[in-house]
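Structure first, commentary second.
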Amino acid sequence: MFEALTGRLEGIFQKLRGRGLLTEENIREGLREVRLALLEADVHFTVVKQFVERVRERAVGQEVLKSLTPGQQVVKIVHEELIGLLGVNHVPLAFAQQPPTLIFLVGLQGSGKTTTAGKLALWCREKGRSPLLVAADVQRPAAAAQLATLGEQLKVPVLTPKPGAKPVEIAREGLSRARKQAHDVVLVDTAGRLHIDPDLMAELKEMAAALRPHEVLLVADAMTGQDAVNSATAFHGGVGLTGIILTKMDGDARGGAALSIRAVTGQAIKFIGVGEKLDRLEAFHPERIASRILGMGDVLSLVEKAQQAVELENAERLARRIREDKFTLDDFRLQLQQVKRMGSLEQIMEMIPGFKKLKGVQPDERELVKVQAIIDSMTAEERRDIAVINSSRKRRIAMGSGTQAHDVNRLLKQFTETKRLMRQISRAGPQGLGKMFPGLRGS
Amino acid sequence: MALAFLDRWKQGLAKTRQNLQSRLDWLRGVAGRRLDQELLEELEEALILADVGPQTAGNIVARLQEKAAREGIREACDLKEILRRILVEILSQGVPAPGPCPQAPRVIMVVGVNGVGKTTTIGKLAKRWVDEGSAVLLAAGDTFRAAAIEQLEIWGERARAQVVKHQSGADPAAVIYDALQAAKARGSQVVLADTAGRLHTKMNLMEELKKIKRVMGQVVPTAPHEVLLILDATTGQNAVSQVRLFHEAIGVTGLVVTKLDGTAKGGILLRIVDEFRLPVHYVGVGESPDDLREFDPEAFADSIL
């Protein structure tokens, strides 16, 4: 799998560690692994073929840099080529000079168009714009009701169609309402359709020809296999895509479809969907995804995420308490809650380089819940000073939290250990601390 | 009868001209060709393009090579026939064995990741069974997605099936508890329980499914009689992870593959059937309720090649 690619290449190239040139001979086995990993990640067969060929051309004849092993060097080339293929820079949404900006969301059934429409509306509003949602899906039962509900949650107005209205009429009405009510973005949710459905594709073409949208975004499922190429090609040929949104990136899909779609349409991936909640839409950053794909960690986005979630005030307070050696279970609990807010533990660990190498360290969210329950069952006094927790108190805490006395013991031991560790790190200076809590940077 | 069915199946799959065209091209291309490395690579490519996955494709081609050597096959066309037999052999492990019909109400829990077509599949199954004379009850267990309940209600109207629902945001286990109680009281023969789409990696949401399953057993001790996992044929290798994690969490009893009417081949099913030995109950090849077909390994193998 993708995650293991770096490790596997390291293994293969161990033999030629640190010397000589990369040759056709000595990289053959490594390139086979690259090919397998990409196919396993659902990158399209032809795209993989071209990709591996490009990597080979670049790699052969290169001198292995002093500071790198041959494996690392090939990974570096693969990484750079991946970024090259995914698009070097983030391409933002194109807003029209003359508002309203008209945006179509198109794609196969079940790719997540309606949810994405809601997410985009929220995103636009947070950018200071005034979006109007238009429910132009007249195929799926209750699709308009779904968008209306999302609009209600977001307090974004939604145009729902009159019975019998055609999608092109609905979208046109959306435009004129936007002009009247001063909305500067119109997000049109279209029906999911098969790329080989001649009637529905003709309908989409007609809509695009009549209304000339500024953006036509293909909403595609990150779990899509080889077929991503067929559907993306057909949508691009039919209506002329201007960008891609990749959904369901919060699962364990390798997301090879991103590469395939990008390769056949040449259009930028603009956003990724990373959760069911409406604020779970992120700008697409090729360098980050390429790194994540190769298991190099995604430090940049972790830092950003942490900064969003951790209120600076808390962070500063925490840092002070660690410095003064006053870190208590109350602080520990606060830290836990912040970790939770940042996203799933697994997701976070994935982004920290080196963490994945700790085999057997399986982040277990259940464990976190248990820890929280134990701390919640303590009195304020106990949380302030664990020294007062004698065995009868332990029994009570265990009973209150639905755990066993040894669970409580273990937590207390871990806490003492953590505290000791923190003391050491804080003596080593702010850099060491920053590594543990990225949110503390600059405090 | 069987032949007519096969024909209809083929029509469904041949909806796309490309599909048919590529098959014809392939046949024309190999006519008169002999077994060589290039040909084997082409076959491997075809399998990978059908989402069989690089490893499984490699294994299958190795088996093919071995078999061809043993049987002294040289012609490309014969080779294809052997390949077809291998695929059918693997896929046949996915044919459901006829089981005893459980006492009513027969409770079917429908699960899957977001957007695979759970609600649509339920609607189609309900329509089919109501038309066959069964009293079907739908449980609106997707209380999370906006308007999922409304969507199921519309299907309920179309199929003339009763729907038991709570409000959006309600506890899905509670809805399903009520639905099963109602099914017992009203003498329903089949209960189809919808659940919210969820990514298999979300632990808390998988816990919720376990709870729903437990609650079913409280009302009808033998329920659920089926746990159907819906898979989208356009999904690639990730489908394996979906099957594994749903199966570990709640014990899947059967699969339904949707969206086979597009250009996706759903070849990942080869790997899944081989690894998990789960029966494939239905495949979806079109919009109408009739387009939900019983799984046929021969037709499936044909469409992959």
Practice prompt. Calculate the spin-label point distance for B:Arg84 paired with B:Glu298, positioning each point 7 Å from the Cα along the beta-carbon direction, and give it in nanometres.
Written response: 1.0
Worksheet entry | Filter on A:Lys155/A:Lys180; B:Lys165/B:Lys259; A:Lys113/B:Lys259 - keep pairs with C-alpha separation over 20 Å | B:Lys165/B:Lys259
Item to complete: Distance from a point 7 Å along Cα→Cβ of B:Arg33 to each backbone N in the range B:44-60: keep the residues under 12 Å and list them by number.
Response: B:44-46
Worksheet item: Can you tell me the accessible area per residue over the range B:87-147, all protein chains present, probe 1.4 angstrom, in square angstrom?
Response: 36
Item to complete: Name the residue, out of B:Asp142, B:Asp36, B:Asp178, whose mean-square fluctuation peaks in a Gaussian network model built on chain B with Cα pairs under 10 Å.
Response: B:Asp36
Worksheet entry | Heavy-atom accessible surface of the range B:106-295: percent carbon and sulfur, 1.4 Å | 46
Worksheet item: Put a dot 7 Å past each Cα toward the Cβ at B:Arg160 and A:Lys205; how far apart are the dots in nm?
Response: 4.1
Discussion item. Just to confirm a number: summing +1 for Lys and Arg and -1 for Asp and Glu over residues other than B:Ala264 whose beta-carbon lies under 12 angstrom from that of B:Ala264, what do you get?
Written reply: -4
Item to complete: Name the residues whose placed amide hydrogens come within less than 5 Å of the amide hydrogen of B:Val107, ignoring near sequence neighbours (fewer than 5 apart) on the same chain.
Response: B:Val191, B:His225, B:Glu226
Item to complete: Compute from the Cα atoms of chain B the Rg and the Dmax, the latter being the longest Cα-Cα distance, and quote both in angstrom.
Response: 21.0, 67
Item to complete: Taking 7 Å along the Cα-to-C-beta vector as the label spot, tell me the B:Ala174-A:Leu334 distance in nanometres, rounded to one decimal.
Response: 3.5
Discussion item. Checking the cross-link filter: which aspartates and glutamates have an alpha carbon closer than 15 Å to that of B:Lys213, excluding same-chain neighbours under 8 positions apart?
Written reply: B:Asp142, B:Asp171, B:Asp178, B:Asp194, B:Glu226, B:Glu248
Worksheet item: By how many degrees, between 0 and 90 and to the nearest 10, does the Cα long axis of helix B:37-49 differ from the longest principal axis of chain B?
Response: 10
Worksheet, complete the sentence: Here the residues of the range B:239-283 whose accessible area is at least 20 Å² smaller with all protein chains than in the chain alone (probe 1.4 Å) are B:Lys259, B:Asp261, B:Gly262, B:Thr263, B:Arg271
Discussion item. What do you get for the angle between helix B:54-71 and the principal long axis of chain B? Use alpha-carbon atoms, 0 to 90 degrees, nearest ten.
Written reply: 50
Practice prompt. Using 0.36 nm per residue of separation minus the Cα-Cα distance, give me the extension gain between A:Gln414 and A:Glu29 in nm, one decimal.
Written response: 134.2 nm
Worksheet, complete the sentence: Sorted by chain and then number, the residues having a modelled amide H within less than 5 Å of the amide H of A:Gly243, at least 5 places away or on another chain, are A:Val216, A:Leu218
Fill in: For A:Gln226, distant residues with modelled amide H under 5 Å away
B:Asp51
Worksheet entry | Paramagnetic reach from B:Arg277 (point 7 Å along Cα→Cβ, amide N under 15 Å) across the range B:214-257 | B:252-254
Worksheet item: With axes computed from alpha carbons, what is the tilt in degrees of helix B:203-219 against the longest principal axis of chain B, rounded to the nearest 10 within 0 to 90?
Response: 60
Response to the item:
Listed residues B:Arg160, B:Arg70, B:Arg186; largest mean-square fluctuation, Gaussian network over chain B with Cα springs below 10 Å, found at B:Arg70
Worksheet item: Taking chain B as a Gaussian network, Cα atoms linked when under 10 Å apart, which of B:Pro289, B:Pro98, B:Pro172 shows the biggest mean-square fluctuation?
Response: B:Pro98
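The values are calculated or read from the model by the stated rules, or taken from the named source; none is laboratory data. The structure displayed is predicted, hence computed values, not measured ones. Virtual Cβ from ideal backbone geometry, glycine too; neighbours counted across all protein chains shown. Each accessible area value is taken on the protein alone, full model and side chains, heavy atoms only, with ligands, DNA and RNA left out. Shrake-Rupley method; radii C 1.70, N 1.55, O 1.52, S 1.80 Å.
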